[in-house]
Structures are given as C-alpha cells and as structure tokens.
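Right, one structure below, let's go through it.
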Amino acid sequence: ASAASAASAADEDRVKLDVAEQRVRTLEELLDAERAAREVQVARRAREAADMQAIMQALDHDRAELAAMYREAHRELLRLRSELSERTAEVWELRREQERLRREAGKRPDHGTCVVCLDAAATVACVPCGHLSLCEVCV
C-alpha cells in the first residue's frame with residue numbers, strides 16, 4: 001500500500017511537473033509573442049521617428065530657402081524704392097524745366113516772326129508745308 005501510494009504520489013508529482021512545464025512553455029510562448037509584438041512596435045516607432053526627422057530636415061531646408069528668398073526680395077524692394085525715388089525726382093525736375101520752357105516760349109513773339117533772324121516779319125512761306133516762317137532777307 002505504501003509503495004502504491006508512493007507511486008501514486010510520484011505520478012501526481014509527474015502530472016504536476018508536466019502541468020507546470022506546460023504552463024512554463026505557454027508563458028514562454030506568450031512572452032516571446034509579446035516580445036515580438038514589442039519589437040514590431042519599436043521598429044514602427046523608429047521608422048516614424050526617422051520619417052519625422054526627415055520631414056523636419058525638409059522643413060528646415062525649405063525655411064532656409066524661404067528666408068533667403070525673402071532677404072533677396074527685400075533687397076530688390078529697397079533697390080526699386082530707391083530707383084522710384086530717383087525717377088520721381090527726375091520727373092519733377094523735368095516738369096519744372098518744361099514749365100520754365102513754356103514760360104520762356106510764351107514770352108517770345110512767335111506768330112508772324114522770321115524763324116531765322118527772329119526780328120523781321122515772316123513774309124515767305126515754305127514749300128511744300130506752306131508755313132509762313134521766313135522774312136525776305138533770310139530767304
């Protein structure tokens with residue numbers, strides 16, 4: 001009886017050992033599956049981080065290009081403003097000169113005066129235009 005109970009206890013121990021070993025294998029499989037899932041997740045996050053880094057570098061490059069373009073456009077704008085100021089001053093100077101010439105021309109008796117000597121009356125007309133513009137002395 002004691003040998004049978006010892007054998008039964010040994011069988012029970014073997015069954016418990018087998019169950020424990022099966023449980024260990026199951027836990028190891030679960031652990032391996034979880035480890036593999038974590039590795040996939042880590043790899044995915046690493047790719048996402050690399051993608052984000054590439055995007056950030058591209059954005060930095062674009063920002064640098066835009067800043068350079070802005071500086072160039074600003075310099076061009078300043079140059080154009082300066083040129084516009086110069087041209088505006090030239091236009092005002094030309095307008096003043098034009099007005100002075102108009103006043104001067106208004107003082108001259110140009111109707112009926114010889115265009116050569118500017119003293120005698122114009123009595124001779126030019127051909128083919130027909131303008132009465134020369135005196136008899138200057139012809």
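The values are calculated or read from the model by the stated rules, or taken from the named source; none is laboratory data. For clarity, every value in this text was computed on a predicted model and none was experimentally measured. The accessibility values were calculated without ligands, DNA or RNA, using every heavy atom of the protein model including side chains. Shrake-Rupley method; radii C 1.70, N 1.55, O 1.52, S 1.80 Å.
What the table below lists for this structure:
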quantity	calculated
Choice from Glu65, Glu93, Glu12 with maximal GNM fluctuation in the chain (Cα, 10 Å cutoff)	Glu12
Rh (Kirkwood; distinct C-alpha pairs) - the stretch 1-108, Å	23.7 Å
Within the accessible area of the chain (1.4 Å probe), percent carbon and sulfur	60 percent
Karplus-derived HN-Hα couplings along the stretch 133-139 (A = 6.51, B = -1.76, C = 1.60, θ = phi - 60°), whole Hz, x at Gly and Pro	9, 10, 8, 5, 6, 7, 5
Per-residue [θ]222 nm for the chain (sum of -39500 (n - 2.57) over DSSP H runs n ≥ 4, rounded to 500)	-29500 deg cm²/dmol
Helix axis angle, 2-107 relative to the chain longest principal axis, alpha carbon, degrees	10 degrees
Other-chain or far-sequence residues with amide H under 5 Å of Thr113's (modelled H)	Ala122
